[in-house]
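Following: one structure in structure tokens, then a few remarks.
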Amino acid sequence: MLNIALPKGRLGEKVYAMFERAGFECPAIHEENRKLYFENEALDLRYFWVKPSDVAIYVARGAADVGVAGKDILLEYRPDVYELLDLRVGQCRMCVAGPRDFQDDPARTLRVATKFLNIASGYYASLGRDIDVIGLNGSIELAPILGLSDVIVDIVETGVTLRENNLAVLETIVPISARLIANKASFVFHKSRIEEMVRAISREVQT
Amino acid sequence: MTIDTDILNNEEKISFALRSLYHRRGFAPYRMRKFEEYELYMKNKDFLLSPEVITFTDTNGRLMALKPDVTLSIVRAWRPAPDAVQKLYYDENVYRVSEGSGGFREIRQTGVECLGFRDESCIREVLALALESLARISPESRLCVSRLDVVEELIDSLALAGDARNEALRCMGEKNVHELRAVLSAAGAKPGETEKLCRLTLCSAAPKDAVGELAAAGIPEASLTAIERLAADLPEESAGRVSMDFSILGDMRYYNAVAFQGYVRGVPSSVLSGGCYDRLLRRMGKPGRAVGFACYLDKLERLEVSGHA
């Protein structure tokens, strides 16, 4: 049976619709209940919803053969998986944001608040900029408003939250979208099924 | 003395089976100290699977390290002799940060190293031994083999500047052709050349099928010949258990020619990894060629005991 980990929430539902249209349907997933996994025995498939940031762990450790994870998670945690397809949904940007009139003072260490410690550190290391990374788990936008940080590194989708808090995008680090990933050992043992899945789903990707 | 094999755990059973196999094939056992001077690892940090090393200061003030790797120690200790090939096997614990855990672990590793040869016969022998090792571990196994010279020739022909080469190799290692196309396009590569590298990245087929696929993709004749030669070198009984996969890459400052990884059903990551490391020998001032592999026994703890080891 091929195990597929999808991210809970709106993105996961959008992604499942792509799988369904591509011929990998699982009607049980539409039933209203509290089940955590859903099977289509005829197609030999099992889906399960997991926290978006956990999908890559399920896949890297082989609990799921394939899954859908955001590029932000793949960049932050660098799981040892194959990244087979850009699904072009859940599109947003990893950005540096801060007060609209922010001017970086290179004489001072830049204070950066973020959930994405590795992405932020890697980005500023590539610029040779000394930073103080402040790890937060939510409401990142508050950090520069309250003086906890100078800037933030975070995902920006529409930019509404930033605008409403007098913040603005200062730099775009990398575009983000949902990616189809596969466990490397699963790819070896389920190669034809996974390749067939990639081909079918790639036809559903909006170009 | 009689040993009751029922009391052995999976890891121990497989370790004995592999050591017996290597011994019977004429490889000599190699024992080493648990620690080495840190300098050895500092100079060759990129050769290690994880760069973190446990260090301590010895009573004489020298900075030492609990060994994170076996191959570097073997190469350092090896004294080359004209026309003599050194064939060794080991069963050792190494200390490194394990995949995904973020912390140091003691990892048991069994493997072989073949040093100082000049022709391809030792590569053939080690590939066959890797296949036999996998068969001892599980009835369902696969060996994925890459020719690094084929990858290198195509990448070099693109003359990628700056970070583009490393980025392209990263994408190949992830079978990530959507980003590979973007990297090559930004670097100004011609679409035809980009397509060849993408086809190579996605290739995962039995050696003979791979040659057909890659010939259709316009991969240069010399590269196809190298793959055909490799296919001819594999034991006949390995059919169905070997695939060419060019996403298997090592650091090309150390590795060259052939790289391979072994998988068994039920274990989510490779249980065997190896290849040629002639360039490591050059870096350490030693002549000749070298090839070897390691089996990661810690990954087999939860593998169902099949009784065939």
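FYI, it's all coordinate maths here, none of it is from the lab. Computed from a predicted model, the values in this text were never measured in an experiment. A quick note on method: Cβ atoms are made from the backbone with ideal geometry, for glycine too, and the neighbour counts reach across all protein chains shown.
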- Task: Can you figure out the FRET efficiency of residue B:17 with residue B:185, using R₀ = 56 Å and their beta-carbon distance, to the nearest 0.05?
- Result: 0.70
- Message: Taking amide H atoms as placed 1.01 Å from N in the peptide plane, list the residues 5 or more away in sequence, or in a different chain, whose amide H sits under 5 Å from that of residue A:84.
- Response: A:180, A:181, A:182
- Query: Which of these, B:86, B:261, B:109, has the largest mean-square fluctuation under a Gaussian network model of chain B (Cα springs below 10 Å)?
  - Reply: B:86
- Note on the structure: Here region A:148-162 yields Karplus 3J(HN,Hα) values (6.51, -1.76, 1.60; θ = phi - 60°; whole Hz; Gly and Pro given as x) of 5, 9, 7, 9, 10, 10, 7, 7, 10, 9, 9, x, 5, 4, 4
- Query: Ordered by residue, what ³J(HN,Hα) values in Hz, to whole numbers, does region B:174-184 give under the Karplus form 6.51 cos²θ - 1.76 cosθ + 1.60, where θ = phi - 60° and Gly and Pro are x?
  - Reply: 9, 6, 9, 6, 5, 7, 4, 4, 5, 5, 5
- Could you give the angle, 0 to 90 degrees to the nearest 10, between helix A:10-21's Cα long axis and the longest principal axis of the Cα atoms of chain A? 30 degrees
- Who wins for biggest fluctuation among B:190, B:34, B:299 in a Gaussian network model of chain B, springs between alpha carbons below 10 Å? B:190
- Message: What lysines does residue B:87 reach when the alpha-carbon gap must be under 24 Å and sequence neighbours fewer than 8 apart in one chain are set aside?
- Response: B:13, B:34, B:67, B:286
- Task: Quickly estimate the mean residue ellipticity at 222 nm for chain B, helices only: each DSSP H run with n ≥ 4 gives -39500 (n - 2.57), and the total goes over all residues, rounded to 500.
- Result: -11000 deg cm²/dmol
- Note on the structure: Whole-Å distance linking the alpha carbon centroid of region B:159-211 with that of region A:135-169 is 37 Å
- Let me have the relative contact order for chain B, percent, based on Cα pairs under 8 Å that are six or more residues apart. 22 percent
- Query: Under the Karplus relation 6.51 cos²θ - 1.76 cosθ + 1.60, θ = phi - 60°, what is the ordered set of whole-Hz ³J(HN,Hα) values for region B:129-144, x standing for Gly and Pro?
  - Reply: 5, 5, 5, 5, 4, 4, 5, 5, 7, 7, x, 10, 9, 9, 10, 9
- For chain B, find the longest principal axis of its Cα atoms and tell me its angle to the long axis of helix B:148-157, 0 to 90°, nearest 10. 40 degrees
- Whole-Å distance, taken between Cα centres, linking region B:72-130 and region A:20-70: 40 Å
- Message: 5 Å is the cut-off here: which amide hydrogens, built 1.01 Å from N in the peptide plane, fall below it relative to residue B:97, excluding neighbours closer than 5 in sequence?
- Response: B:52, B:105
- Report the FRET efficiency, 1/(1 + (r/R0)^6), for residue B:161 and residue B:1, where r is their Cβ-Cβ distance and R0 is 56 Å, rounded to 0.05. 0.30
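If R0 is 41 Å, what FRET efficiency do you get for residue A:172 and residue B:152 from their C-beta distance, rounded to 0.05? Show your work: numbers first, answer last.
On the way: r = 33 Å, r/R0 = 0.81.
Result of the calculation: an efficiency of 0.80.
Filter the GluC sites (Glu not before Pro) in region B:213-309 to those in DSSP coil with at most 13 other Cβ atoms within 10 Å of their Cβ, and list the result. Mind showing how you got there, number by number?
Numbers: sites: B:213, B:221, B:228, B:236, B:237, B:301, B:304; in loops: B:301, B:304.
The qualifying sites are B:301, B:304.
At most 16 other Cβ atoms within 10 Å and a DSSP loop assignment: could you name the trypsin sites (Lys or Arg not before Pro) in region A:63-94 that fit? Before the final figure, lay out each step's value.
Working: sites: A:71, A:88, A:93; in loops: A:88.
Listed in order of number, the matching sites are A:88.
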- Query: Using a Gaussian network model of chain B with C-alpha springs under 10 Å, which one of B:250, B:162, B:275 is most mobile by mean-square fluctuation?
  - Reply: B:162
- Query: Taking a spot 7 Å from the Cα of residue B:209 along the direction of its beta carbon, which residues of region A:178-196 have an amide N less than 11 Å from it?
  - Reply: A:191-193
- To the nearest 10 degrees, the tilt of helix B:10-24 (Cα long axis) against the first principal axis of the alpha carbons of chain B is 80 degrees
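Which chymotrypsin sites (Phe, Trp or Tyr not before Pro) does region A:33-114 hold that lie in a coil by DSSP with at most 13 other beta carbons within 10 Å? Write out the running numbers ahead of the final one.
Working: sites: A:37, A:38, A:47, A:48, A:49, A:58, A:77, A:82, A:102; in loops: A:102.
Qualifying residues, ordered by number: none.
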